[in-house]
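Have a look at the structure below, then the notes.
Read-outs throughout are calculated quantities, based only on the coordinates presented, and are distinct from any laboratory measurement. Everything numeric in this text was worked out from a predicted model, so none of it was measured.
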């Protein structure tokens, strides 16, 4: 629906720990402490060795995922690049949230006390 806000508006994620990942039929929730991100379009998980796992947030048709590997990891970096939000973790992994311009939302987040639709 929209581009992601600038990283300066999301920097409160730095230092937070990913505590839980939840899967629904058409969304994936990421619970940090205290932030929350719900992805409804797609996410990419990049392992420290460069392996990429892409998940299109459709559980019935989804491929194998490895999101559990990120639980307990602490956020080190946040980069906002228009339609891609990149979150780097302390083990070298990255989690990319993808958005698209269009009539439907790609997800929502509550970060730094702000509710954001992307």
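General observations
- Range of Cα positions in the chain per principal axis (Å), largest first: 32, 30, 22
- Span per principal axis, largest first, for the Cα atoms of the stretch 1-70 (Å): 34, 31, 20
- The spacing between the stretch 9-28 and the stretch 59-116, judged by their C-alpha centroids, is 7 Å.
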